[in-house]
1. Defining a contact as two alpha carbons under 8 Å apart and six or more residues distant in sequence, what relative contact order in percent does segment 93-264 show?
2. Can you tally the net charge around HIS393? Count Lys and Arg as +1, Asp and Glu as -1, for every other residue whose Cβ sits under 11 Å from the Cβ of HIS393.
3. If I model a spin label as a point 7 Å beyond the Cα along the Cα-Cβ vector, how far apart are those points for THR195 and THR458 in nm?
4. Step through the residues of segment 191-204 one at a time and calculate ³J(HN,Hα) from phi using the Karplus curve (6.51 cos²θ - 1.76 cosθ + 1.60, θ = phi - 60°), rounding each to whole Hz and writing x for Gly and Pro.
5. Can you compute 3J(HN,Hα) from phi for each residue in segment 229-239, using the Karplus curve 6.51 cos²θ - 1.76 cosθ + 1.60 with θ = phi - 60°, rounded to whole Hz and x for Gly and Pro?
6. Taking H as built 1.01 Å from N, whose amide H comes closer than 5 Å to the amide H of ASN462, not counting residues under 5 places away?
7. So the label point goes 7 Å from the Cα of ASP410 along Cα→C-beta, right? Which residues of segment 512-553 then have their backbone N under 11 Å from it?
8. Let me check I've understood the local charge: for GLY275, count other residues with C-beta under 15 angstrom from its C-beta, Lys and Arg +1, Asp and Glu -1. What total comes out?
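Read-outs throughout are calculated quantities, based only on the coordinates presented, and are distinct from any laboratory measurement. None of these values were measured; they are calculated from a predicted model. When we count neighbours, we look across all protein chains shown, and the Cβ atoms used for this are built from the backbone with ideal geometry, even at glycine.
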Amino acid sequence: MRPRKLLSRRRRYLMPTEKALGAETHEYLPELCDQLAQNRIHRRDFLRQACLLGMTATTAYAMADVLTGESTSLIGEAQAAAKAGGILKVSMRVQEMTDPATFPWTERSNVSRFIVEYLTRTKADNTTVPYLAKSWEASDDLKSWIFHLQRGIKWSNGDEFTSADVENTVNRWLDPEVGSSNLGLFGAMVEEFDTGKMKDGKKVMGKRGIPGAVEVVDKHTIKFNLKQAALAMPENFYNYPTAITHRGFGKDYAADLSKKPIGTGAFELAEFAIGEKAILKKTRKWWAGPFHLDEIHYFDHGEDSNAWIAALASQQVDMVYRVPNDAIETVKRLPFVDLHEATTAQTGVMRFRITQKPFDNKKLRQAVAACMDHAEILKIAFRGLGQPAENHHVCPIHPEYAKLAPLKRDISKAKALLAEAGYAKGIELTIANGDTDGAWMTAACSVFKQQCAPAGITVNINKMPSSQYWEVWDKAPWGYTTWTHRPLGTMVLSLGYRAGVPWNETAYNNPAFDKALDAAEATLDVDERRKKIAVAEQLLQDDAVIPQPFWRSVFKASNKRVKGLKTHPTFYHQFQDVWLDG
């Protein structure tokens, strides 16, 4: 936090604007407004941060208009011409849909999100606003968060939506027996404990929620008590495995949403068949406002992207979940189709399982990483549709991104490191890959294979079916794993690289990294947070945990009759403003 004297000066400077707009006054908001007024932060980052700290979306947008002299609309595309009714048909994988807390894929949440909903909503512009929670407030030290819930919402079985539902949902996330990835995301509510098990003569430690982390204040107010400061609590509540389920879910009845789809949304699951279809029908008035569509039909056309595009071209469906980069030109030639692009933090990491030989050898990992020409892999494997990455999983579009010294391919360095690692005569390695997000993944591996060869590193590509890869994604000694977009770099680092969290596929365990990440998550000021996240970035890069070729743009396509559709960078389906023209 900045000195109190500076805080007082900011309050005096901003008070007339705050008073006029009715803005909430968390300690940091005056400084944040001052940064926007002086063009020290982008408008987008101001909106995200202001909403995170409890300012209403309406007030945040209005204040941004005042401070920048711009005029924008919070609502977005006018809905005056919107037509009610109709069936939206979508080509997307239809997967098992049991427990939202353990969802490993965005697609599962896209079917379920019209049934079970979220405390917050991160919009397509990366701004997080209230949803099932009508507002929230944070203590100045960010160790206490209070969420005030919407009133008058009913579950589809007639029960009232209350704090008890949120309490049961979050406590399930923090229960290691459930196996939710949210255990890593909400690390500020988690402690390490002795599981009572032994492995290789050492105690096996686990992660679980700290006592008293979730506190019901009253029927519509819930408080989260953290062991350390956490900046992104509201944003974390819109990760795809964080849907709020009924208080009886996994407690009074089995945790299987496909068999007992009790929700707060307007839709019910009318038909569901894994690998075939999911039919959603609007059966009641939506508490959040009008929902133009009557039905949403998802059809599974398999893993062959040609089948997805064929379904769109023949107008069997109105949109496809995503368009592979090698199908973009084909889609552009369809006169009745709109192609949508989003710049994202979607990526793939050629990660090492650093507890397994030979990748427990840091020098070896560094040698492999030194062979990578990121820009060349992007150009050849993904047609240049993105930007080179830097081996630390924080993207330039993340507000806290810190630019480190540029990475350059260095074969002489790779050879020297390889010799230091004990492999002066070279080494043969195998990378597992399932093309889980398209053929570009094999193409990237092939380019990297060629880049490694001059250093004496022979790379074999173990190409396997995507379903088989997901059976070993966190076990293979070396594998190519795709990661979806998150609005903050701290979020993905917490999910993937904290010691002992469920999605730590690298088995990375560096106390210095965890400490640096803790410091970044406790810092509101973006400039200061950037300095702290730079430490974590440098540690990941130096430890050579994840050779990461590039960040990729993503595409989806829809029939021109689909109106009001916005491309979310995480491919979340937000259809509340979508309507069909004809």
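1. Reported as a whole number, the value is 34 percent.
2. 0
3. Modelled inter-label distance: 3.7 nm.
4. 10, 8, 9, 7, 6, x, 9, 10, 9, 6, x, 10, 5, 9
5. Taking θ as phi minus 60°, the curve returns 5, 9, 6, 9, 3, x, 5, 4, 6, 10, 6 Hz for segment 229-239.
6. The answer is ILE431, ALA432, ASN433.
7. none
8. For residues surrounding GLY275, the net value is -4.
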